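None of the figures in this text is laboratory data; all of them are computed from the coordinates on show. Computed from a predicted model, the values in this text were never measured in an experiment. Cβ coordinates were reconstructed from backbone atoms using ideal geometry, including for glycine residues, and neighbour counts include every protein chain displayed.
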Amino acid sequence: MTIRRSLLLACVLALAITLPAAVSAAPTAVDVRIEGKTSTLFDSPVTTDGKTITTQTGGTHLCDGSTASPPVGPGPTPNSALDDAAIKGNFTWDGAWFGTDFFASQIAGESETSSEFWGVYVNGAMLPVGGCQHIIQAGDEVLWTYDAFNKIGGLRLEAPNATQPGVPIVAKATDIATHAPVAGATVGSATTDADGNASLSFDASGIYTLKANRWDLVRSRAIRVCVDPPGAEECTYGDKTAPAIRLDAPKLASDLARFGNRIPLSWQGDDTGGSGVKRYRIEAKRAGKPDSAWRLLRTDTTKTSGRLNGADGVAYELRVRAYDRANNASGAALATTIVPIDNLSDRLRFSKRGWKVLSRQGAWQLSTSRANRAGATASLSFTGSGATIVTRELPNGGRVRITVDGESKVVSLKGKSRFRRKLVGTGKLETGRHTLRVTSLGRAPVEIDAVAVRP
């Protein structure tokens, strides 16, 4: 084990403190890249929050900054970003728990050795603490890398978008954190000089992928250079294939947010072998409304994340397209997201006795309604194909009867879960007008945070 990793582990073990019971953080969009032994394993925006993480080796623990000394959370962390990247990218990771933190030992099938370990950089700087003890901010670059403790930083590479056969270009390698030029990095067949510059030329037309590499630095993100014949429009030669596109949106706005109706979205284009994604077009419309028109949210944007300003109780259809530098367009990636009706809305009708509004940082719109009295009711009339009650389980929670159009079922809310994590659905209903009623069945507490209506 290297000296740096040994010291980091010793520091983590010395700072053990008691975990809090819940997280009240704001979901955050960050840039996550994972560099393996010889290649890039993942590169995409991820929306993450402080969360409870489970690994095969380490078990289940809260990872939200609260294990730092002093606590810095609750909030999203590099480890929560890794965990959400694994969900998004459909890969696994593992790591032991050392009193206050997980330490990744395997990511996407690549395991540490006796001398090569996984580590994490944020904005080009290696963390001096574990990945559960640092709060990340919107737009941060979270870089997980293999053999991290033998690296002194990371590389960034820049170069012109296009050139012609035999016409040289200058690519520049810099340090991610300091922006200082990096000498001695290989870029294609060239090596950077003292100013970080490398001169390259290409014999034939085509699309070329470049990375900067140096043994003691994390390799750079790949960039593409179009080499077009004289007279050809930039990046059009040889690229006739449209990019692929992925759109990530929560099914319920409350899944990823806790305050306001700004729904976090992220999207990512993939133009492997092509000229590279140049821009995105994002649109939205009200779901369940045949005459609803698509509304343009963003066009010609290079950003890969944003927020939709939604209205209370409304469902939205979303679509995004990617365009590469040859102006090939992807098909549309589609998603539907619903803004729940808050417990304070006039549309939700609570019985006059039995309910109390509680201010809670982790709840949707920062409040929830709690009943401790048998017979307390809440009702909602809605038009749609179903409804979902957003709530949480409580260690001493009671039971509720859910009734829709005369059909009912009993649901226990006893257990342990975070705010907004217990979802109680009505099941699929015939689209039309319905009445939902929730009745408390005992003296044990039950809560209603919000209700989401499916179109």
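Points worth noting:
- Semi-axis lengths (Å, descending) of the ellipsoid that matches the C-alpha gyration tensor of the chain: 46, 30, 14
- Relative contact order of segment 276-345, defined on C-alpha pairs under 8 angstrom at six or more residues apart (%): 35
- Exposure proxy for CYS63, CYS235: other Cβ atoms within 10 Å of each Cβ, ordered fewest to most, give CYS235, CYS63.
- DSSP bridge orientation in segment 116-230 - percent antiparallel, rounded to nearest 5: 90
- Residue order, fewest to most surrounding Cβ atoms within 10 angstrom, among PHE350, PHE91: PHE91, PHE350
- Dimensionless Rg/Rh of segment 155-227 - Kirkwood Rh, Rg from C-alpha atoms: 0.96
- Sites SER189 and GLN361, calculated FRET efficiency, Cβ-Cβ separation with R0 45 Å, nearest 0.05: 0.20
- More than 19 angstrom apart: percent of Cα pairs within segment 13-163: 50
- The packing ranking, built from the mean of other Cβ atoms within 10 Å per residue, places the peptides 68-74, 79-85 in the order 79-85, 68-74, highest first.
- Interchain or long-range residues, amide H under 5 Å from ALA177's placed H: GLY154
- Links that overshoot a 28 Å alpha carbon limit, given the list LYS285/LYS428; LYS51/LYS428; LYS251/LYS409; LYS37/LYS172; LYS37/LYS88: LYS51/LYS428
- Relative contact order (%) - criterion: Cα under 8 Å, at least six apart; region: the chain: 10
- Axis of helix 3-13 versus longest Cα principal axis of the chain: the two differ by about 10°, to the nearest ten degrees.
- When SER189, SER412 are sorted by how many other C-beta atoms sit within 10 angstrom of their C-beta, beginning with the fewest, the order is SER189, SER412.
- Segment 155-227: relative contact order in percent, alpha carbon pairs under 8 Å with at least 6 residues between: 36
- Summing +1 for each Lys or Arg and -1 for each Asp or Glu among the other residues whose beta-carbon sits under 12 angstrom from that of ARG221 gives 0.
- Residue-averaged 222 nm ellipticity for the chain, from DSSP H runs of 4+ at -39500 (n - 2.57), nearest 500: -1500 deg cm²/dmol
- Compared with the dominant principal axis of the Cα atoms in the chain, helix 78-89 is inclined by about 90°.
- Inter-site label distance for ILE87 and SER417 at 7 Å from Cα along Cβ, in nm: 1.3
- The residues neighbouring ALA29, those whose beta-carbon lies less than 11 Å from its own, together hold a net charge of -3 under the Lys/Arg +1, Asp/Glu -1 convention.
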